[in-house]
Amino acid sequence: MRGASNQPLNYLDMSGYIRTTEKCPACKGKFTGEPLMCAEHLTTPNRYFIDIRTGTAPNRKRNKIYSDPKGRSLSSWEHAYRILNHIRFEIDQGTFDPTKYVKSDINRYRFSVRVNGWLEDKRKEAEKGNLSWSYIKPLERYVNMYYMKSGLAEMDVRDIRTFHISEFYKNLPSDKSLKYLKNIVDALSHFFNTLYDDDYITKTPKFPTIRVEETPPDWITRETQVEIFEHLPDQDRPIFLFLAAQALRPGEAQALKVKDIDFEQNTLIVRRTFSYRKIVERTKGRNVKLRYINPEIVGLLRECCRDKHPEAFVFFGPKPGRPYSENTLQRRWRDACAKVGVKIKCYNGTRHSWATDALNRGVSIEAIAEVLGHSDIRSTNKYARRTLSLQQSAFAKTADIIDLPTDHLRTNKEPNSNS
């Protein structure tokens, strides 16, 4: 054999054989010898397979291997011989898995196949209303821009180890924020947890711990809000007044219908939302909750619902009978903010600002959580962190106003020798 002439090939003493299903094209006789060949016509096969038995009697099993771990056919004796030796090593180590050498299984376990299948499952859940499209879109970006362009793409998911994940993380772009990188890694971790739950892998690799200091949400005062509202077109002002007073998410306000409002009980129900131009039944938190209408805007809502069909949207955009698109809503807000000289997102300038202002006025975290529709109080606690941040800033800016004598504050002061 070429490349192995100094190594005796005694296949009778070793597990596994190299075979072929082909016959000599000239005489139709069997190929024999090592390497396989027709002794008379010196022809060789075009395809080989490895015949190997594993296990012990009576559970001994015969395996026929037609490809290498990358799915390539065994097209030469040398190729088949290398794979056979690799299989023998795996048998010695107790790691041999014949499914890693079967083309259909190789494709089934390929990272690129599995991650696209996972993404497709997420899309189906979004179509059912169980997930938000605003959650799906970043996943699509992570898969296409980072996962599929990494060294993981063509690997067998069963072979991916912690050091592969570490290399992936190290190669992520350095010009992105730590929060963005954390989102990429967290989504990948979720993917591997899904593989584990679905029995594709028996152990998940470890992922790097990325700690990101959560910054409190930006907000503006009511006075600033009023300035912004004054620069909004008259026909667009109602939806922004509603957002600022009721603290719904913009997508929920866009999707609100007349039938969702009960003026007798002074309540409304958030049943759906807009997410990436698609209307999705139920909310981000999946819970359909009854909300009390802020008395400040009852008159506004009555006017917006006047003479409208129950199935009509409460707030019409520029096109008659049609709801606001996300782009239109954001553009109207952005233009008004620019005229005031303020740069803040609509979400922060309305919903976040209401919550922070309420907390500053002494409203309890629990009450704010109810208004915002948070199912987990931890989601609301970020507003408390905002007020702590403001307190810290206040003390820092007033540190030199009062010149306090600090000697009496020393806890390790030596006792007076005259006492």
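FRET efficiency for the Ala57 to Glu90 pair, using the beta carbon distance and R₀ = 22 Å, is estimated at 0.55.
Which FRET efficiency, nearest 0.05, do Asp175 and Ala367 yield, Cβ-Cβ r, R0 41 Å?
Working: r = 42 Å, r/R0 = 1.02.
Rounded to the nearest 0.05, the efficiency is 0.50.
Relative contact order of the range 110-197, taken over Cα pairs closer than 8 Å and 6 or more residues apart, is 34 percent.
Expressed as a whole percent, how much of the Cα-Cα distance distribution for the range 25-141 exceeds 20 Å?
Working: 4116 of 6786 pairs.
The proportion of pairs with Cα distances above 20 Å equals 61 percent.
For a modelled paramagnetic label at Lys206, 7 Å from Cα along Cα-to-Cβ, the residues of the range 162-181 in reach, with backbone nitrogen under 14 Å, are 162-167.
On the principal axes of its alpha carbon atoms, the range 110-197 extends 37, 31, 19 Å, with the longest extent given first.
Per-residue Karplus couplings for the range 217-225, computed as 6.51 cos²θ - 1.76 cosθ + 1.60 with θ equal to phi - 60°, are listed in order as x, 5, 8, 9, 7, 5, 4, 5, 4 Hz, Gly and Pro entered as x.
In terms of other Cβ atoms within 10 Å, Phe96, Phe191, Phe263 run from fewest to most in the order Phe263, Phe96, Phe191.
Placing pseudo-labels 7 Å out from each Cα toward the beta carbon at Met145 and Arg331 gives an inter-label distance of 2.3 nm. Between the alpha-carbon centres of the range 156-215 and the range 266-280 there is a gap of 33 Å. Across the range 122-138, coupling constants 3J(HN,Hα) worked out from phi with the 6.51/-1.76/1.60 Karplus curve, θ = phi - 60°, read 5, 4, 5, 5, 5, 5, 7, x, 7, 9, 8, 5, 5, 8, 6, 4, x Hz, and Gly and Pro carry x. With N counted as the residues of the range 216-335, its alpha-carbon radius of gyration over 2.2 N^0.38 Å works out to 1.02.
Laboratory data are not the source of any read-out in this text; all were calculated from the coordinates shown. Please read all numbers here as calculations on a predicted model, not as lab measurements. Glycine also receives a Cβ, built like all others from the backbone with ideal geometry; neighbour counts cover every protein chain displayed.
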